[in-house]
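Here's the structure we're looking at; comments come further down.
The values are calculated or read from the model by the stated rules, or taken from the named source; none is laboratory data. Since the model is a prediction, treat every value here as computed from it, not as a measurement. Cβ placement follows ideal geometry from the backbone for every residue including glycine, while neighbour counts extend to all protein chains displayed. All accessible areas refer to the heavy atoms of the entire protein, side chains included, with ligands and DNA or RNA removed. Shrake-Rupley method; radii C 1.70, N 1.55, O 1.52, S 1.80 Å.
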Amino acid sequence: MWMAKKLARGAGDGSGARSGYVTANQGMLVVQGEIESRGLRLAAPWGIHSLPPQGVPALVFPSLGICAGILAQAPETGISPGEVLIRSSGGAEILLKNSGEVVINGQVFAAKEGE
(Lines give C-alpha, C1' and ligand atoms only; values in the text may rest on other atoms or scores of the structure.)
Protein backbone atom coordinates (compact mmCIF):
# COMPACT_ATOMS: atom_id res chain seq x y z
CA MET A 1 0.00 0.00 0.00
CA TRP A 2 2.74 2.48 0.92
CA MET A 3 4.54 1.71 -2.33
CA ALA A 4 1.45 2.43 -4.44
CA LYS A 5 0.96 5.72 -2.62
CA LYS A 6 4.62 6.63 -3.11
CA LEU A 7 4.47 5.83 -6.84
CA ALA A 8 1.26 7.80 -7.32
CA ARG A 9 2.63 10.77 -5.40
CA GLY A 10 6.11 10.63 -6.90
CA ALA A 11 9.10 12.20 -5.28
CA GLY A 12 7.91 15.75 -5.86
CA ASP A 13 9.91 15.81 -9.08
CA GLY A 14 7.09 14.92 -11.47
CA SER A 15 7.97 11.22 -11.48
CA GLY A 16 4.55 10.05 -10.24
CA ALA A 17 1.60 8.69 -12.18
CA ARG A 18 0.43 10.62 -15.23
CA SER A 19 -2.51 10.20 -17.53
CA GLY A 20 -2.62 10.72 -21.26
CA TYR A 21 -3.76 9.15 -24.50
CA VAL A 22 -2.10 6.41 -26.55
CA THR A 23 -0.70 8.00 -29.71
CA ALA A 24 1.33 5.07 -31.11
CA ASN A 25 1.61 1.35 -30.52
CA GLN A 26 3.74 0.00 -33.36
CA GLY A 27 7.00 -1.30 -31.95
CA MET A 28 6.74 0.92 -28.87
CA LEU A 29 3.93 2.35 -26.80
CA VAL A 30 3.72 6.16 -26.80
CA VAL A 31 1.37 8.08 -24.49
CA GLN A 32 0.83 11.84 -24.78
CA GLY A 33 -0.29 13.77 -21.71
CA GLU A 34 1.34 16.78 -20.08
CA ILE A 35 4.53 15.12 -21.31
CA GLU A 36 5.09 12.52 -24.01
CA SER A 37 6.23 9.12 -22.75
CA ARG A 38 7.89 6.86 -25.35
CA GLY A 39 9.00 3.25 -25.37
CA LEU A 40 6.67 2.23 -22.56
CA ARG A 41 6.11 -1.37 -21.53
CA LEU A 42 2.51 -2.29 -20.76
CA ALA A 43 2.01 -3.82 -17.30
CA ALA A 44 -0.68 -6.51 -17.32
CA PRO A 45 -1.56 -9.70 -15.47
CA TRP A 46 0.43 -12.75 -16.56
CA GLY A 47 -0.89 -14.30 -19.75
CA ILE A 48 -2.70 -11.21 -20.97
CA HIS A 49 -1.11 -9.50 -23.94
CA SER A 50 -2.48 -6.54 -25.83
CA LEU A 51 -1.57 -3.45 -27.79
CA PRO A 52 -4.00 -0.67 -26.89
CA PRO A 53 -5.48 1.22 -29.84
CA GLN A 54 -4.63 4.85 -30.43
CA GLY A 55 -6.79 7.38 -28.64
CA VAL A 56 -7.58 5.40 -25.49
CA PRO A 57 -6.79 6.98 -22.09
CA ALA A 58 -3.83 5.45 -20.26
CA LEU A 59 -2.11 5.70 -16.87
CA VAL A 60 1.70 5.85 -17.05
CA PHE A 61 4.68 6.02 -14.70
CA PRO A 62 7.22 7.80 -16.93
CA SER A 63 10.13 7.36 -14.50
CA LEU A 64 9.58 3.57 -14.53
CA GLY A 65 8.97 3.37 -18.28
CA ILE A 66 5.66 1.54 -17.86
CA CYS A 67 2.04 2.02 -18.81
CA ALA A 68 0.13 0.75 -15.77
CA GLY A 69 -2.99 0.20 -17.84
CA ILE A 70 -5.74 1.60 -19.93
CA LEU A 71 -8.46 3.54 -18.15
CA ALA A 72 -11.53 1.36 -18.71
CA GLN A 73 -14.65 2.83 -20.20
CA ALA A 74 -18.00 1.75 -18.79
CA PRO A 75 -19.16 -0.93 -21.21
CA GLU A 76 -22.53 -0.45 -22.86
CA THR A 77 -23.37 -4.09 -22.12
CA GLY A 78 -24.21 -3.37 -18.48
CA ILE A 79 -21.97 -5.98 -16.87
CA SER A 80 -22.50 -6.61 -13.17
CA PRO A 81 -19.88 -6.20 -10.42
CA GLY A 82 -17.60 -9.24 -10.45
CA GLU A 83 -18.06 -10.01 -14.13
CA VAL A 84 -15.23 -9.76 -16.67
CA LEU A 85 -15.55 -8.53 -20.25
CA ILE A 86 -12.73 -8.92 -22.76
CA ARG A 87 -13.28 -6.95 -25.95
CA SER A 88 -11.19 -6.41 -29.08
CA SER A 89 -11.39 -3.32 -31.26
CA GLY A 90 -12.70 -5.59 -34.03
CA GLY A 91 -15.82 -6.40 -32.03
CA ALA A 92 -14.98 -9.83 -30.58
CA GLU A 93 -16.18 -10.26 -26.98
CA ILE A 94 -15.84 -12.79 -24.20
CA LEU A 95 -18.00 -12.24 -21.11
CA LEU A 96 -17.43 -14.23 -17.91
CA LYS A 97 -20.69 -14.00 -15.96
CA ASN A 98 -21.23 -14.35 -12.23
CA SER A 99 -23.57 -17.25 -12.96
CA GLY A 100 -20.64 -19.26 -14.34
CA GLU A 101 -21.83 -18.85 -17.91
CA VAL A 102 -19.39 -17.75 -20.61
CA VAL A 103 -20.69 -15.67 -23.49
CA ILE A 104 -18.51 -15.58 -26.60
CA ASN A 105 -19.69 -13.21 -29.33
CA GLY A 106 -23.28 -13.64 -28.11
CA GLN A 107 -23.17 -17.45 -27.89
CA VAL A 108 -23.86 -18.62 -24.33
CA PHE A 109 -21.99 -21.57 -22.86
CA ALA A 110 -23.52 -23.09 -19.71
CA ALA A 111 -21.75 -23.11 -16.36
CA LYS A 112 -19.93 -26.25 -15.25
CA GLU A 113 -22.09 -28.66 -13.34
CA GLY A 114 -21.40 -28.82 -9.57
CA GLU A 115 -19.39 -31.75 -8.35
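Of the heavy-atom accessible surface of the stretch 25-115 (probe 1.4 angstrom), what whole percent is carbon and sulfur? All intermediate terms of the calculation are to be shown ahead of the outcome.
Details: 3710 of 6530 Å².
Roughly 57 percent, rounded to a whole number.
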So for R0 = 41 Å, FRET eff. of SER88-GLU36 from the Cβ-Cβ r, to 0.05, ends up at 0.95
Simple spin-label estimate for VAL102/ALA17, 7 Å along Cα→Cβ, in nm, reads 3.1
From highest to lowest solvent-accessible area (probe 1.4 Å; ligands, DNA and RNA excluded), ARG41, ARG87 read ARG41, ARG87
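Rounded if a/c is under 1.5, else prolate if a/b is larger than b/c, else oblate: which is the stretch 23-75, with a ≥ b ≥ c the root eigenvalues of its Cα gyration tensor?
Details: a/c = 1.42, a/b = 1.17, b/c = 1.21.
Rounded.
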